[in-house]
Structures are given as C-alpha cells and as structure tokens.
1. Looking only at region 1-42, filter to residues that are of a type in the set (A, V, I, L, M) and in contact with a Gly (Cβ under 9 Å, 6 or more places away or on another chain); which one of those is surrounded by the most Cβ atoms within 10 Å (Cβ to Cβ)?
2. Taking region 64-82 as the search range and keeping residues that are in a loop (DSSP other than H, G, I, E, B) and within 13 Å of the chain's Cα centre (by Cα), which one is nearest to Lys24 (Cα to Cα)?
3. Condition first: assigned to a loop (DSSP other than H, G, I, E, B) and surrounded by fewer than 13 Cβ atoms within 10 Å (Cβ to Cβ). Now tell me which residues in region 43-54 satisfy that.
4. How many residues are over 12 Å from Asn32 (Cα atoms) and open to solvent by less than 80 Å² (accessible area, probe 1.4 Å) if we restrict to region 66-82?
5. Could you tell me whether region 15-29 includes any residue that is of a type in the set (Ser, Thr, Tyr) and either more than 12 Å from the chain's Cα centre (by Cα) or over 24 Å from Ala64 (Cβ atoms) (or both)?
6. Confirm whether Thr52 is more than 14 Å from the chain's Cα centre (by Cα) and hydroxyl-bearing (Ser, Thr, Tyr).
7. For region 1-40, which positions are touching a Phe, Trp or Tyr at 6+ places or on another chain (Cβ under 8 Å) and either at pLDDT 95 or above or within 15 Å of Val79 (Cβ to Cβ) (or both)?
8. Which residue pairs have Cβ atoms under 7 Å apart, sit 6 or more places apart or on different chains, and have a first residue in region 26-46 that is acidic (Asp, Glu) and a second that is modelled with pLDDT under 95 and assigned to a strand (DSSP E or B)?
Amino acid sequence: MAGQAELVVDAQALLGEGPHWDHKAARLYWVNIEGKQLRSYDPNTKDEKIYTFDKKISAVVPAAGGGWILALQDGVIPVQRK
C-alpha cells in the first residue's frame, strides 16, 4: 500500500534533522539545527511544542529518567522537560 505524504507543520527550518519517534509519548521529536530548536509534534492532537536553546542542536532522544538527551554543538547533555 502506498502512502501519501502530507505537510503537517510548516516549520520553514533551514536545516531540520534527527527525527525520533517517542512511542511512549506518541510524539515526533526533531531538531531545527540553524534555529537552535527542539521541536515536538503530536499527530493525534496536532499539538506542536518548540523549545529554543542558545546552541545548535543536532539530535535528541528521550532520556530513560525523563527529559531528553541533546547533542549540542559542543557536547551531549541531559535536559529536563519544562
């Protein structure tokens, strides 16, 4: 069965990367590297959250104890969710 691509968020990111599906939260996480943003999208509610940082982010994954592990331009750090 062929799927149909659909634009659900018009983020206008210059460099969007690192999509990660969090099956527990049922959210898609990805980063806007040039915008220094972690973005989160819930396809069920169409809710999008945007978290902005002082440094470029290249990847994100949920941390086992809550929050995220972020790969920033100068290292990997844990971050608690707000």
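The values are calculated or read from the model by the stated rules, or taken from the named source; none is laboratory data. Bear in mind that the values here come from a model prediction, so they are computed numbers and not experimental data. Using ideal geometry, Cβ is built from the backbone for each residue, glycine included, and neighbour counts are taken over all protein chains shown. We work out accessible area using only protein heavy atoms, side chains counted, and drop any ligands, DNA or RNA first. Shrake-Rupley method; radii C 1.70, N 1.55, O 1.52, S 1.80 Å.
1. Here the answer is Val31.
2. Top of the filtered list is Gly67.
3. Initially, region 43-54 is screened for residues assigned to a loop (DSSP other than H, G, I, E, B), giving 43-46, 53-54.
Scanning region 43-54 gives Pro43, Asn44, Thr45, Lys46, Asp54.
4. Going through region 66-82, the residues over 12 Å from Asn32 (Cα atoms) turn out to be 66-71, 73-82.
Filter once more, so that each one left must be open to solvent by less than 80 Å² (accessible area, probe 1.4 Å): 66-71, 75, 77, 79.
Looking only at that region, the number is 9.
5. At the first step, the residues of region 15-29 found to be of a type in the set (Ser, Thr, Tyr) are 29.
Of the ones still in play, those that are also either more than 12 Å from the chain's Cα centre (by Cα) or over 24 Å from Ala64 (Cβ atoms) (or both) are none.
Among the residues of region 15-29, not one is of a type in the set (Ser, Thr, Tyr) and either more than 12 Å from the chain's Cα centre (by Cα) or over 24 Å from Ala64 (Cβ atoms) (or both), which makes the answer no.
6. Numbers: more than 14 Å from the chain's Cα centre (by Cα): no; hydroxyl-bearing (Ser, Thr, Tyr): yes.
When the stated conditions are applied, Thr52 does not pass them.
7. Gly18, His20, Asp22, Tyr29, Lys36, Gln37, Leu38, Arg39, Ser40
8. Within 7 Å, the pairs are Asp42/Arg27.
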